[in-house]
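Let me begin by presenting the structure, written as structure tokens, before commenting on it.
The values are calculated or read from the model by the stated rules, or taken from the named source; none is laboratory data. What you are looking at is a predicted structure, and each value in this text was computed from that prediction instead of being measured. Here the Cβ positions follow ideal geometry from the backbone for every residue, glycine too, while neighbour counts run over all protein chains shown.
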Amino acid sequence: MNIQQTVDVIKGFLLVTLEISMPLLCSAMIIGLIVSIFQAATQINESTLSFLPKVAVIIGVIFVFSPWMVHKMKDYTRSIYEKIPEIGKNKIEE
């Protein structure tokens, strides 16, 4: 396995990780912003008020996006397994 192949595998891993985590992170950020605006407007300083809606939304997003997330992870894993013969072939030639 040469350096370029290693970089390609790591780059693909980071992109898949970013794609899978973005729905969760964006939904938590949007709910956090909405709750903080609500807290600022009503002057309610309750810590669970910001925590519980985020947890509920993240659980909902996981249920909605989990088939897509599993599909992305499965495709990436399949592509890694398909590269194994190529890596072995390159190792034998060296």
Exercise. Return only the number of the condition from (1) in contact (Cβ under 8 Å) with a residue 12 or more places away in the chain; (2) surrounded by 12 or more Cβ atoms within 10 Å (Cβ to Cβ) that LEU52 does not satisfy.
Key: (1)
Practice problem: Looking for whichever is of a type outside the set (Lys, Arg), touching a residue at least 40 places away in the same chain (Cβ under 8 Å) and touching a Pro at 6+ places or on another chain (Cβ under 6 Å) here; the options are PHE13, PHE65. Which one fits? | Solution: PHE65
Quiz item: Just wondering, is there one or more residues in segment 31-40 that are modelled with pLDDT of 95 or more and either in a loop (DSSP other than H, G, I, E, B) or exposed (fewer than 11 other Cβ atoms within 10 Å of the Cβ) (or both)?
Solution: no
Quiz item: How many residues are in contact with an Asp or Glu (Cβ under 8 Å, 6 or more places away or on another chain) and closer than 30 Å to GLN5 by Cα when one looks only at segment 35-94?
Solution: 1
